[in-house]
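In what follows, a single structure is set out as C-alpha cells and then discussed.
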Amino acid sequence: FQALHAYSPYHRVKDGTSYPAVLLLTGEKDGRVNPAHSRKMAARLQAATRSGRPVLLRTSAKSGHGIGTAFSEKIATLADVYAFVCEQLGVPFTVIERGPWSGGITPTTAVVKAKLNDEGMKARLVVSEKKSLGSPSYFGPVETVTSNANIAAFEATRLKPDTQYYYALEVDGRLDRARRGEFKTFPPAGQPASFRFAWASCGKTASTNASYDLIRKNRPLLYLNCGDFHYLDISTNSLAAFRAAYDTVLASVQQADLYRTIPFDYVWDDHDFGGNNSTKKATTKPAVSMAYQEYVPHYPLAEGSGVVSPYHSFAIGRVKFIVTDLRSERDDDKKKDDANKSMMGAKQKEWFKQQLLESNGQYPLIIWVSSVPWLGVVNTNYYPITNNTYGFIHHTNLVELYKKTNRPSDDQEHWSGYATERREIADFIKSNHIAGVAIIHGDSHMLAADDGRNGDFATGGGAPIPVMCAAPLDQNPSLKGGPYSQGVYRVRQGEGCFGLLDIDDKGNRIAVRYSGRNNKNEEKITLKFSVPARAPAGRSKP
C-alpha cells in the first residue's frame with residue numbers, strides 16, 4: 001500500500017494548484033487499467049485546479065490497453081492529441097486546404113476564394129484596412145459543398161479605391177489567422193495613376209523557384225500568369241484531374257505565399273489547357289473551364305459562365321488590359337495560312353476588336369495579353385545558337401551564323417504561323433487609328449523586348465506594336481520568334497524569370513518601363529517607351 005500510494009497520481013493532486021492543461025486518454029475495453037481510474041483522475045484534477053486551463057478526458061469506445069488497436073483509431077487519437085497541444089500552445093493551424101487567393105480586383109471590389117478541408121463548413125470573409133484585422137467588414141457566409149470541391153468564394157464590395165486591405169477567413173466561428181492575405185484595390189479607372197504589375201508563365205508543376213518569392217517582394221499591384229500554370233498536360237475531359245492540378249500547384253509554399261499576398265489574374269496556354277501544342281480539337285475544354293471558374297478568383301468572363309473560354313478585360317487607372325485565350329479556339333498550326341485559319345476564333349476576335357474600339361481614346365495605353373509570341377516569320381529562327389549558349393544575345397551579332405544555318409525554329413506555334421490573321425489584326429489597329437497598343441506574352445522560354453520596329457505587320461506598315469516577353473518561371477530555355485530590338489536573354493536550366501512593368505502616368509503621357517529579371521532579381525532585358533495621353537482637366541502638364 002505504501003509503495004502504491006507513493007506514486008499514485010491521484011493522491012499527488014493538491015487542491016488550489018494551478019495545473020497545466022491536461023488531456024487524459026483511456027480505452028473503454030482496457031482490461032488492465034479500468035477506465036474508471038481515468039474518469040476519477042479527471043474529476044479530481046478538475047476539482048483541484050485553479051489555473052482555468054482545461055482538464056479533458058478522451059475515451060475510445062473501440063480500443064483497450066493499446067495492443068491490437070486499429071490503425072484508424074490510432075490516427076484519430078493522434079489527431080486529437082496534436083489538436084489539443086497546438087491549441088494550448090497557440091500554434092497557428094488552419095482548416096483551409098488550398099488558398100486563399102484574391103483576384104478580380106477593381107477600385108471597389110475583390111474576389112477571394114479558398115478550398116476548405118471538408119463539406120458543410122460555414123465561412124465568412126473578413127476584410128480590414130488594419131493588419132490586425134480590427135474593425136473589419138464581413139462577407140458571406142457560404143457553406144462548402146463537395147460538388148463544388150469545397151470551394152468558398154466571396155466578393156468583397158463597397159471597398160475604397162487605391163487602398164491596402166488585409167483579409168482572412170472565419171471558418172465555423174474561428175478566425176483562421178494562419179492564412180491571412182492582403183490586396184490593394186485599384187485606383188479609379190480612367191483617372192491618372194502610376195503602378196507596377198508583374199507577369200510570367202511556364203512554371204514546372206508546383207514549382208518552388210525563387211522567382212515566385214521575388215515577384216512577391218517586388219510588390220506589384222497585380223501578378224498575371226499568362227499560361228502554363230502547370231505542365232501536367234492533361235488530355236482527358238476530367239474535372240477531377242484539373243481540380244487536382246490546382247491542388248498540386250497551390251501546395252507550393254512559395255506560390256501560395258505569392259497568390260495570398262498579391263492579387264492574381266490568369267489565362268491558360270497549352271500545357272495547362274489540353275496538353276502540348278493543344279488546339280480546339282482538345283476534348284478538355286468542359287473540364288478545364290469549370291475548374292478554372294471554381295478555383296480561380298477571376299474577373300467576369302466575356303462569355304459568361306458554363307463551358308466558356310476565359311478571355312476578359314479590366315482596367316487600372318488609364319491602362320486597359322485585354323486578356324485573350326489563344327488555345328481553346330485555335331486552328332491547327334499546320335493548316336493552310338489563309339483567312340480561314342485563326343488562333344482566336346471568330347467570336348473572341350470580334351470581342352477583341354470591339355474592346356480595342358471601346359478602349360481607344362479612353363485608355364491611352366492598351367496592354368494586350370497575347371500569351372504567345374507576336375514577332376517572327378514562319379520557318380525562320382533569328383537566334384540559331386548552340387544549346388550551351390546562355391545569357392544576353394542580340395541578332396545583329398549572329399548575322400553570319402544566321403546566313404550560314406537559317407535553320408527552322410524548333411517550335412513555330414506562334415503568330416508567325418497565323419500571319420494572315422496577324423495582318424488582319426494589325427490592319428484593324430491601323431485603319432481605326434487605335435493608339436497605345438503594347439503586347440506582353442510568355443510561352444517562349446526567354447526574356448525579350450522589342451520597341452515596335454519589328455512588330456509592324458500592317459499592310460504597308462503603320463501599326464508598330466512594342467512587345468515584351470517574360471518567361472520561363474523555371475522551365476528549360478527556348479527561343480521563339482524575333483528579332484527583338486532589345487535582344488533576348490536565354491536562361492540557364494532552372495534559372496527562372498519574370499517581368500515587371502512600371503507605369504508612370506504623367507498626365508499628358510504615360511511612361512512605360514519593362515524590366516525582365518531572373519530569379520536573383522537581376523535585370524537582364526529592359527525597354528522604355530511612352531504613349532501620349534490627354535492631360536486631365538485642371539492638371540498642369542509636367
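The values are calculated or read from the model by the stated rules, or taken from the named source; none is laboratory data. Quick caveat, the model's predicted, so the values are computed rather than measured. Every residue, glycine as well, gets a Cβ built from its backbone with ideal geometry; the counts of neighbours run over all protein chains shown. Side chains included, ligands, DNA and RNA excluded: accessible areas come from the protein's heavy atoms. Shrake-Rupley method; radii C 1.70, N 1.55, O 1.52, S 1.80 Å.
Within segment 46-65, being out of contact with any helix residue (DSSP H, G or I) (no Cβ under 9 Å at 6 or more places or on another chain), open to solvent by less than 80 Å² (accessible area, probe 1.4 Å) and closer than 20 Å to V85 by Cβ holds for T49, S51, G52. For first residues located in segment 335-364 and under 22 Å from P310 (Cα atoms), partners that are open to solvent by 90 Å² or more (accessible area, probe 1.4 Å) and lie 6+ apart or on another chain with Cβ distances below 8 Å form the pairs G345/K280. Working only within segment 211-231, note down all residues that are closer than 22 Å to I151 by Cα and assigned to a loop (DSSP other than H, G, I, E, B). Once the filter is applied, which keeps residues that are closer than 22 Å to I151 by Cα and assigned to a loop (DSSP other than H, G, I, E, B), segment 211-231 yields F229, H230. Within segment 35-45, if we keep just the residues that are farther than 12 Å from S18 by Cα and of a type outside the set (K, R), the residue that is most open to solvent (accessible area, probe 1.4 Å) turns out to be H37.
Selection of segment 68-90 for residues being open to solvent by 50 Å² or more (accessible area, probe 1.4 Å) and under 19 Å from E28 (Cα atoms) yields G68, A70, F71, S72, K74, I75, L78, A79, D80. Anything in segment 304-313 that is assigned to a loop (DSSP other than H, G, I, E, B), farther than 18 Å from T283 by Cα and in contact (Cβ under 8 Å) with a residue 12 or more places away in the chain? List them, or say none. S305, Y311, listed by residue number. Residues that are more than 23 Å from L365 (Cα to Cα) and in contact with a helix residue (DSSP H, G or I) (Cβ under 7 Å, 6 or more places away or on another chain) within segment 460-481 comprise L473, D474, G481, listed in sequence order. Look at (1) under 23 Å from S72 (Cα atoms); (2) under 53 Å from the mean Cα position of the chain (by Cα); (3) open to solvent by 90 Å² or more (accessible area, probe 1.4 Å) and you find that R32 fails only one, number (2). Among the numbered criteria (1) open to solvent by 10 Å² or more (accessible area, probe 1.4 Å); (2) touching a strand residue (DSSP E or B) at 6+ places or on another chain (Cβ under 9 Å); (3) within 21 Å of T284 (Cβ to Cβ), which single criterion is violated by L326? Looking at each condition in turn, L326 falls short on (1). Within segment 236-284, if we keep just the residues that are of a type in the set (A, V, I, L, M), open to solvent by 20 Å² or more (accessible area, probe 1.4 Å) and in a loop (DSSP other than H, G, I, E, B), the residue that is nearest to V112 (Cα to Cα) turns out to be A251.
Give the residue that is surrounded by the fewest Cβ atoms within 10 Å (Cβ to Cβ), with candidates limited to residues of segment 423-445 that are touching a Ser or Thr at 6+ places or on another chain (Cβ under 7 Å) and assigned to a loop (DSSP other than H, G, I, E, B). It comes out as H445. Sort out for me the strands (runs of 3 or more DSSP E) sitting completely within segment 1-107 that have 3 or more residues that are in contact with a strand residue (DSSP E or B) (Cβ under 9 Å, 6 or more places away or on another chain) and more than 22 Å from D118 (Cβ to Cβ). So the answer is 22-27, 55-60. The residues of segment 215-245 that are in contact with a strand residue (DSSP E or B) (Cβ under 7 Å, 6 or more places away or on another chain), in contact (Cβ under 8 Å) with a residue 60 or more places away in the chain and either over 25 Å from E413 (Cβ atoms) or β-branched (V, I, T) (or both), listed by number, are I215, N218, P220, L221, L222.
When segment 101-152 is filtered for residues that are surrounded by 19 or more Cβ atoms within 10 Å (Cβ to Cβ), of a type in the set (A, V, I, L, M) and more than 20 Å from A178 (Cβ to Cβ), the ones remaining, listed by number, are I105, A110, V111, A149. When we screen G181, G190, G227 for residues that are at pLDDT below 95 and in contact with a Phe, Trp or Tyr (Cβ under 9 Å, 6 or more places away or on another chain), the only hit is G190.
With the structure loaded, tell me whether D502 is open to solvent by 10 Å² or more (accessible area, probe 1.4 Å) and either among the β-branched types (V, I, T) or over 29 Å from E421 (Cα atoms) (or both) or whether it fails that test. Spelling it out, D502 is indeed open to solvent by 10 Å² or more (accessible area, probe 1.4 Å) and either among the β-branched types (V, I, T) or over 29 Å from E421 (Cα atoms) (or both).
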